[in-house]
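Have a look at the structure below, then the notes.
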Amino acid sequence: MNNHLQFDYIIIGQGLAGSLLAWQLLQLRQRILVIDSTEKNTASRIAAGIINPVTGLKLAKMALAESYLSEANSLYSTLENYFATTFFQSRNMLRIFKSIDEKQLFESRLKDPAFRPFLKTVHPAHHFSCLSDDFGSGSQLCTGYVNSPLLLDKMIEFLKENNAYLTKSVERSTIKQNSNGVMIDHYSAKTVIFCEGYQASTNPWFKWLPFAPVKGEILNASIRTPLSNHIINSGNWLLPTLNTDTHTQFRFGATYEREKLSTLPTRQGQETLVKAIRCIIRDGSNAKIKIRAHLAGIRPCTRDRMPFIGLHPQNPKLAIFNGFGSKGALLIPYYASLFARHLVFAESIPKNCHINRYWDE
Ligand SMILES: Cc1cc2nc3c(=O)[nH]c(=O)nc-3n(C[C@H](O)[C@H](O)[C@H](O)COP(=O)(O)OP(=O)(O)OC[C@H]3O[C@@H](n4cnc5c(N)ncnc54)[C@H](O)[C@@H]3O)c2cc1C
């Protein structure tokens, strides 16, 4: 008697990548099973989920900004309707200038039609009474944040209802392969898709890919000052979660650590973040900052800052969907749709995100 449960795809990892890819494959009527080890400090569980298509000191617009935003808006609103829950909050961003040069760059971008949908007003110095904005600030549009922990919890319920979820830490050496596909315990599928976040760097079939994981630490904190309701960006970001006349609760992050990779918060990380909070708030050196939580996780970054997507070049029973770095909330909806269409309809994957760009026989 054959008591194997047969699927089209087994997805290992239920972070934002595994969850949104699972959703897209289900929309295309594929039979899927998602397996996750339910670790606490995964990138998707601790991330602020901020979406911002114009970033960095050079105020660069991402190459596919409009497409990423359109796919993200569409997918998050579909999920919001389906689950009757809000996941995405649109929130303008306030970029605090650290120099006259930064202000002038923003002003020149404002005149560029390509940036018109993304940048709005330049505010003079001291426009915001609560902020330390000596060189002024600029408003950014098309920004906001995704509540990914809530989305993941809703997705678990949904997958369980569809007999498509299993809690388990998959030992890679137990994945069996035969002419029909792969087997994990008594679950079989034609392809297993690894969505393991930073842990993919030790995956024996994909460790040839140049992963460049980066640890990040975040604080949940509050101060007895009303702040602006914007997401505040000053190199670090401050995301107000509750703003009253007397105090503000917020999330603040994040550190970048490439050497000492762990999901444990550190005293040094906390000190760095508290110092940075004080720099953003007017008269911040005296501010009483109450720390409510201190979290750490590891971003699945890649050397060329592009995702790792595709079937293994020599073994199409194995696939990977990973490498969304520090921009998963914006990028994953677009690439989940693209990869699902590749798997089901054989639509092509662009070279710059296909894993084949690193395959050297
Ligand atoms: C501090 C910090 C701040 C961030 N801020 C932002 C932000 O503001 N905006 C933004 O867009 N992005 C942000 N990110 C990045 C974002 O979190 C990631 O891009 C995204 O969450 C990656 O999702 P993922 O599913 O690839 O990985 P993960 O979230 O790491 O998920 C991987 C999953 O795979 C599971 N898994 C791994 N191996 C196995 C196995 N063998 N068996 C079973 N399960 C397994 C893990 O338990 C986990 O659930 C931040 C990240 C960090 C760390």
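Here are the numbers for the structure shown:
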read-out: Strands (runs of 3 or more DSSP E) within the range 182-239 that include 1 or more residues of a type in the set (Val, Ile, Thr), farther than 30 Å from ILE277 by Cα and modelled with pLDDT of 95 or more; value: 187-194
read-out: Residue count, the range 183-193 (criterion: within 29 Å of the chain's Cα centre (by Cα) and crowded, with 19+ Cβ neighbours inside 10 Å); value: 5
read-out: Candidates ARG305, ARG341 - the one that is of a type in the set (D, E, K, R) and part of a helix (DSSP H, G or I); value: ARG341
read-out: Tally, over the range 50-66, of residues that are touching a strand residue (DSSP E or B) at 6+ places or on another chain (Cβ under 8 Å) and either open to solvent by 10 Å² or more (accessible area, probe 1.4 Å) or free of Cβ contacts under 8 Å to residues at least 24 places away in the same chain (or both); value: 5
read-out: Among (1) within 15 Å of the ligand (Cβ to nearest atom); (2) open to solvent by less than 10 Å² (accessible area, probe 1.4 Å), the one test that LEU69 misses; value: (2)
read-out: Test: residue in the range 291-299 that is touching a residue at least 12 places away in the same chain (Cβ under 8 Å), closer than 20 Å to TYR358 by Cβ and out of contact with any Lys or Arg (no Cβ under 6 Å at 6 or more places or on another chain); value: yes
read-out: Residue pairs meeting the criteria (Cβ under 6 Å; at least 6 apart or on separate chains; first farther than 16 Å from ALA65 by Cα, in the range 330-351; second aromatic (Phe, Trp, Tyr)); value: PHE339/PHE321
read-out: Any hit, the range 302-323, residues being surrounded by 14 or more Cβ atoms within 10 Å (Cβ to Cβ), under 18 Å from GLU217 (Cα atoms) and not aromatic (Phe, Trp, Tyr); value: no
read-out: Meets criteria (surrounded by fewer than 21 Cβ atoms within 10 Å (Cβ to Cβ), more than 30 Å from PHE128 (Cβ to Cβ) and within 12 Å of the ligand (Cβ to nearest atom)) for THR255; value: no
read-out: Residue tally, condition open to solvent by 40 Å² or more (accessible area, probe 1.4 Å) and either free of Cβ contacts under 8 Å to residues at least 60 places away in the same chain or more than 16 Å from the ligand (Cβ to nearest atom) (or both), over the range 226-235; value: 2
read-out: Those residues of the range 5-49 which are within 20 Å of LYS317 (Cβ to Cβ) and within 6 Å of the ligand (Cβ to nearest atom), in sequence order; value: ILE12, GLY13, ALA17, GLY18, ILE35
read-out: Any hit, the range 62-81, residues being under 28 Å from PHE135 (Cβ atoms), more than 17 Å from the chain's Cα centre (by Cα) and not in a helix (DSSP H, G or I); value: no
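Yes or no, residue by residue, for (1) open to solvent by less than 40 Å² (accessible area, probe 1.4 Å); (2) in contact with a helix residue (DSSP H, G or I) (Cβ under 6 Å, 6 or more places away or on another chain); (3) on the phi < 0 side of the Ramachandran plot:
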site: PHE106; (1), (2), (3): yes, no, yes
site: ASN163; (1), (2), (3): no, no, no
site: SER169; (1), (2), (3): no, no, yes
site: CYS195; (1), (2), (3): yes, yes, yes
site: SER201; (1), (2), (3): no, no, yes
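Residue-wise test of (1) closer than 23 Å to TRP208 by Cα; (2) more than 16 Å from the ligand (Cβ to nearest atom); (3) at pLDDT 95 or above.
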position	(1), (2), (3)
ILE280	no, yes, no
ARG303	yes, no, yes
ILE332	yes, no, yes
PRO350	yes, yes, yes
GLU361	yes, yes, no
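The values are calculated or read from the model by the stated rules, or taken from the named source; none is laboratory data. Since we're looking at a predicted model, the values are computed, not measured. Using ideal geometry, Cβ is built from the backbone for each residue, glycine included, and neighbour counts are taken over all protein chains shown. The protein model used for the area step is the full one, side chains on, heavy atoms only, and it has no ligands, DNA or RNA in it. Shrake-Rupley method; radii C 1.70, N 1.55, O 1.52, S 1.80 Å.
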